[in-house]
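The values are calculated or read from the model by the stated rules, or taken from the named source; none is laboratory data. Model, not experiment: these values are computed from the prediction. Here Cβ is always computed from backbone atoms with ideal geometry, including for glycine, and neighbour counts include all displayed protein chains.
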Amino acid sequence: MGETCLLVLAGMPPSDALITWRMEEADHSIAVDGGFVPFRQAGLVPDTLIGDLDSLSNEEHPGSEFPQLKVVHLHEQDTTDFEKALHWIKHNTKTKNLIILGGLGKRTDHLMTNLLVASVADQSLEITFDDDKEWIRRVTPSCPLTLHGRKGATVSIVPICESSGVTTKGLQWELNCETIGGSRIVGQSNRCQSDSVEIHCSTGTFFVFLEKV
């Protein structure tokens with residue numbers, strides 16, 4: 001069974017309760033540049049801090065008071081901090097389940113870039129974006145999605161590229177071996193009809209958005 005890694009980016013900061021819970025569930029915790037701030041605000045210290053640290057003020061920079069913190073300085077500017085972090089995780093951990101906080105909100109361009117970066121990451125990696133209002137999970141052929149206890153919740157299926165064989169079980173409007181993507185968008189504002197929902201595909205990559213109720 002693979003390890004769970006918590007990755008905190010510099011987008012909309014999670015609540016203290018959310019980051020504390022997610023850190024307790026993770027085998028590794030990583031702050032990416034400004035993602036270090038939510039850890040400090042919650043009284044937590046991640047295992048690793050990655051990036052060029054240009055998003056941190058002088059007061060926010062880690063000092064000698066965090067001797068257990070591993071700081072990985074990455075100054076290359078041709079990729080985003082998220083891409084740098086994914087590369088580091090791939091080569092330095094055994095992560096199979098990646099939980100991302102701070103990847104949503106603030107700037108829409110950052111959100112779109114984060115989803116595009118996640119869409120081309122290793123398909124065997126289970127990727128989840130989480131915040132206090134919604135939850136987003138990437139689905140690939142090797143990472144189907146099963147939801148429990150969400151009856152009545154609004155759920156949307158949003159393709160990044162063309163995906164085929166998209167099949168659902170437990171939604172109000174089911175998909176049965178559909179091809180989605182491009183001009184065919186059929187998954188907006190669906191609803192969990194059951195407390196057990198399954199979503200999978202044969203090819204491609206898409207994201208499932210779930211409103212928290």
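For every residue, the table says whether it meets (1) at pLDDT 80 or above; (2) assigned to a strand (DSSP E or B).
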site	(1), (2)
ALA31	yes, yes
PHE36	yes, no
PRO46	yes, no
LEU49	yes, yes
ASP54	no, no
GLU65	no, no
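Residue check: is THR108 β-branched (Val, Ile, Thr) and without any contact (Cβ under 8 Å) to a residue 12 or more places away in the chain? It is true that THR108 is β-branched (Val, Ile, Thr) and without any contact (Cβ under 8 Å) to a residue 12 or more places away in the chain. Tell me, which residue of segment 173-183 that is touching a residue at least 12 places away in the same chain (Cβ under 8 Å) and loosely packed, with under 14 Cβ neighbours inside 10 Å is nearest to ALA118 (Cα to Cα)? The residue in question is GLY182. Tallying residues that are surrounded by fewer than 20 Cβ atoms within 10 Å (Cβ to Cβ) and polar (S, T, N, Q) within segment 1-48 yields 4. Against the numbered list (1) surrounded by 17 or more Cβ atoms within 10 Å (Cβ to Cβ); (2) closer than 19 Å to SER142 by Cα; (3) out of contact with any Lys or Arg (no Cβ under 8 Å at 6 or more places or on another chain), GLU162 comes up short only at (1).
Taken over segment 66-95, the criterion of being buried (at least 16 other Cβ atoms within 10 Å of the Cβ), in contact (Cβ under 8 Å) with a residue 40 or more places away in the chain and not aromatic (Phe, Trp, Tyr) is satisfied by ASP81, LYS84, ALA85, ILE89, THR93, THR95.
Among strands (runs of 3 or more DSSP E) entirely within segment 116-213, having at least 1 residues that are at pLDDT below 95 and farther than 23 Å from ILE99 by Cα singles out 163-169, 178-180, 187-191.
Checking the stated criteria, SER156 turns out to be touching a residue at least 12 places away in the same chain (Cβ under 8 Å) and more than 20 Å from GLU83 (Cβ to Cβ).
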